[in-house]
Amino acid sequence: MITNRVRLPGVCALALLLPVPAIAAETKIDAADTGFMIIATALVLMMTLPGLALFYAGMVRRKNVLGTMAQSAAALAIVSVLWFAVGYSLAFSGDGAVLGDFSRSFLLGIRPDSTTALAPTIPELLFVLYQMTFAVITCALVGGAVADRMKFSAFCLFCVGWLFVVYIPSAHMVWGGGWLASMGVVDFAGGAVVHINAGVAGLVAAVMIGARRGFGRENLSPFDLSLAVVGTGLLWVGWFGFNGGSALSAGGRAVSAIVATHLAACAGAIVWSALEWVERGKPSVLGIISGAIAGLGTITPASGFVLPWHGVLIGAVAGGVCYYFCTFIKMRFKYDDSLDVFGVHGVGGVLGMLMVGVFATASISASGDTAGISGLLEGNTGQLGAQALGVLVTTLWCVAGTWLVLKVIDLVCGLRVSTDEEIEGVDLAMHGEAIQQ
């Protein structure tokens, strides 16, 4: 290079030795999309802490409130660091069928102005953070199924093992260009990746760990449902970022997803309450908020593919079916899913994924020259089959992976607190703290 400079004419050679002003690289980053996604990311983060923490804490007994909140906080901290280290890379880079590669480990090589083909109008770092919040809340959700009785150390290890064995492969297969995506499976905001995984893992964990002491015999009434109502409100608002943000841009599709999301929550709350009113003579506060969450979880995979009136139908179906699973089915099979993670999120996720195959409307998801996703009502019979495949694979993978992770943890430190610790409460037993009477 020096030799070449010497041979150039004097003026040109001098120019090469002078500082050259930096030329801004051409970027595709859109300021409106970026601002919208920053807000959406903050909303989804809020769903875990304080949203889910309050929602779950209000439904357990006083002696387990802090321990339940600690699970959400621990999931947030542990999963975030692991996602930064290798989680994002394994989920959203490479072209493997089940897993990505390590090319984005520790976010090396990602500049502030870098973008990704998966979200071309926002910084890739923002996409990393947004997806991180999804991984966080999925792990935190599972804790509700084993509230009151799982060791805190076991839950922390579960977050580590389950993230890599179950969540990341699912995210790559559906969202990262893996095998299920190649088979035509679509999941707008996490029906399979988040809700089926959390619900099925919760059921497996609840069965493996066993029922709470006194389940079905003693009064296990919630400590303070007002906390759960506040948590529901935070989750409901946060879901606008969860589903609306999954459009990854500020536009009509994001707004459409938010509208469908809100209407589904309302319909779910109404139907669940109505059924409870007829069945038990009174509509409970717990029933209202449970129905809303059922509607929100069920609309999640379909929100970016359906019309507003579809959202009402999907939410109504969710309110009825999830109510049935959280009451009759749960009592029939006598499994102690403490906070109905399977009945609401698992069942809702399955329903929502299948509803995509029925109600998906091409005009909602069409972009430029790219045709949108259509369902059974528009004459596309194949999409329902693809969605059923996604449900089946996600469920089987989650059952096997969750069982394996919990078996290993049981060998390492045990899964369940002792009988004395359970009687005392996980707040004091695990954390040395308690809410004063």
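Observations on the structure shown:
- Pairs meeting the criteria (first residue in region 74-90 and free of Cβ contacts under 8 Å to residues at least 40 places away in the same chain and closer than 18 Å to G178 by Cα, second residue crowded, with 22+ Cβ neighbours inside 10 Å and not charged (D, E, K, R), beta carbons under 9 Å, at least 6 apart or on different chains) are V86/I168; S89/G100.
- Within this structure, A318 fails the test of being closer than 30 Å to D33 by Cα, part of a helix (DSSP H, G or I) and of a type in the set (G, A, S).
- Of the numbered criteria (1) touching a residue at least 60 places away in the same chain (Cβ under 8 Å); (2) surrounded by fewer than 24 Cβ atoms within 10 Å (Cβ to Cβ); (3) hydrophobic (A, V, I, L, M, F, W, C), the one I270 fails is (1).
- Just one residue in the set T381, T370, T394 is at negative phi and out of contact with any Gly (no Cβ under 9 Å at 6 or more places or on another chain); that residue is T370.
- Contacts under 8 angstrom Cβ, first residue in region 144-159 being on the phi > 0 side of the Ramachandran plot, partner charged (D, E, K, R) and surrounded by fewer than 24 Cβ atoms within 10 Å (Cβ to Cβ), 6 or more apart: D148/R61; D148/R212; D148/E422
- Test result for S256, under 15 Å from V312 (Cα atoms), part of a helix (DSSP H, G or I) and either in contact (Cβ under 8 Å) with a residue 60 or more places away in the chain or basic (K, R) (or both): yes
Conditions (1) exposed (fewer than 15 other Cβ atoms within 10 Å of the Cβ); (2) without any contact (Cβ under 8 Å) to a residue 40 or more places away in the chain, marked per residue:
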| position | (1), (2) |
| --- | --- |
| R332 | yes, yes |
| L339 | no, no |
| M355 | no, no |
| S365 | no, no |
| E378 | no, yes |
| Q387 | no, no |
| G390 | no, no |
| V408 | yes, no |
| S418 | yes, yes |
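- Scan of region 372-387 for residues that are more than 12 Å from F305 (Cα to Cα) and part of a loop (DSSP other than H, G, I, E, B), ordered by number: G379, N380, T381
- Residue among V44, V160, V136, V128 that is surrounded by fewer than 18 Cβ atoms within 10 Å (Cβ to Cβ) and within 18 Å of the chain's Cα centre (by Cα): V160
- Test result for D113, under 23 Å from M355 (Cβ atoms), in a loop (DSSP other than H, G, I, E, B) and either in contact with a Cys (Cβ under 8 Å, 6 or more places away or on another chain) or not small (G, A, S) (or both): no
Every number here is computed from the coordinates shown, using simple stated rules; none is lab data. This is a predicted model, so every value here is computed, not measured. In this analysis, Cβ positions are derived from the backbone assuming ideal geometry, glycine residues included, and neighbour counts consider all displayed protein chains.
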